[in-house]
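S.K.: One structure is given below, represented as structure tokens, and several questions about it will come after.
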Amino acid sequence: MERIKRVGLSSGTGREYRVEDSLLFDQPFANGPDPLLKSRTPRCGARALGAAFAVSLACGAPPANAWGEEGHEVVALIAERFLEPAVDAKVRAILAEDTSGLTSSTQVDQEATWADRFRDSDRNTSKIHYKQTRDWHFVDLELDGADMTTACFGRPALSRGTVASSGPADDCIVDKVDEFSAELANAATRSEERRLALQFLLHFIGDMHQPLHASDDHDRGGNLKMVSARGMAANTLHHYWDVEFVERLGTNETSVAEQLIASITATQRAQWATGTAADWAMETYSISKDHAYGRLPAADSPNHYRLSDAYVEDATRVTREQLSKAGVRLAAVLNRALAKSL
Ligand SMILES: [Zn+2]
């Protein structure tokens, strides 16, 4: 299903990519394909997780992307429902120009997974796209002292003439949402960059609402904590929030989206659509502090947590609301940006 082709971010700009060295992420996985849990996936076998079985489980996990693909598809489908008709038409027209072949179609729900696929398209080869964009998917606000500037690598401004898709690798999801929103709203943005801006926004506004993409406990956003729960295979805490709790809402993205759309009230839509990307990230951070991390039980062995049914129920409820908010906010961002440049 998944066709992987190399695509260029900055063709025609002549700009060199800034490639960062990394102590954490640059080693290929020793045990088969990358789990692709997210850009902060722990290196298998490189770091003790406290229990050998935990390491082998982490290394053998099936492929999954941040908010798994289902989560991103649900967010996009909710957003699509709330787009103004003229904006919806514009979104479809822009996405139709995507010839990367990285997604199974250019429909908005599929394109919402593009940024993970783009990042991972050369993860085991040249790592150009991987290193350039991997840190853009999250903001590591620390539980023991959330500081947006630190978590956003000093909040680097784009240098004059540099498009957002060629911006510094050391930047966070909050800055990238702001930069890509501004590009989408600007009628002078070149068409290729406008398409990339839309593709990144479709994905990043979703990621920003995954609690473990806006918080960190010095555990790579929950990737170093192993968890298990009744009826669920052991995996990382991060994976549970990306995939497991989303799947508890149902495994068909269209019906999950319909279910969520039906329960979003007009008051919620109006309320959720306010605020900035930074506000939304801080809100996700507090939710993570209170729920994802805040309700973890004491470890039952080093770095392993057995989640109660109550934790799973609460996390599923939070996931449902976060996907709904992300969909409403994605629509608001696109309606605002594209109404100006129609
Ligand atoms: Zn992502």
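S.K.: Net charge near residue 256, counting Lys/Arg +1 and Asp/Glu -1 over other residues with Cβ under 12 Å of its Cβ?
M.R.: -4
S.K.: Quick one: net charge around residue 73, please, counting Lys, Arg +1 and Asp, Glu -1 for every other residue with C-beta under 9 Å from its C-beta.
M.R.: Here the charged neighbours net out to -4.
S.K.: Sort 70, 321 by Cβ crowding within 10 Å, fewest neighbours at the top.
M.R.: 321, 70
S.K.: Among 205, 264, 173, 128, which comes first, then next, by fewest other beta-carbon atoms within 10 Å?
M.R.: If I rank by nearby Cβ atoms, fewest first, I get 128, 264, 173, 205.
S.K.: When N is the residue count of region 125-254, what does its C-alpha Rg come to as a fraction of 2.2 N^0.38 Å?
M.R.: Expressed relative to 2.2 N^0.38 Å, the Cα Rg reads 1.19.
S.K.: Further, regarding this structure: For region 47-342, which semi-axes, largest first and in whole Å, follow from the square roots of 5 times the eigenvalues of its Cα gyration tensor?
M.R.: 30, 22, 18
S.K.: To continue, here is another question. Of 127/289; 90/127; 90/176; 131/325; 90/289; 127/176, which ones are farther than 27 Å apart at the Cα?
M.R.: Result: 127/289; 90/127; 131/325; 90/289 exceed 27 Å.
S.K.: How long are the three semi-axes of the equivalent ellipsoid of region 206-263, in whole Å, if each is the root of 5 times an eigenvalue of the C-alpha gyration tensor, listed from largest down?
M.R.: 24, 16, 7
S.K.: Among the aspartates and glutamates, which fall within straight-line cross-link reach of residue 225, defined as a Cα-Cα distance under 12 Å, with same-chain neighbours fewer than 8 residues apart omitted?
M.R.: Within the straight-line cut-off, residue 225 pairs with 216, 217, 300.
No value in this document is a laboratory result; all are computed from the given coordinates. This structure is a prediction, so every number in the text was calculated from the model and none was measured. Don't worry about glycine lacking a Cβ; one is built from the backbone with ideal geometry, like all the others, and counts go over all protein chains shown.
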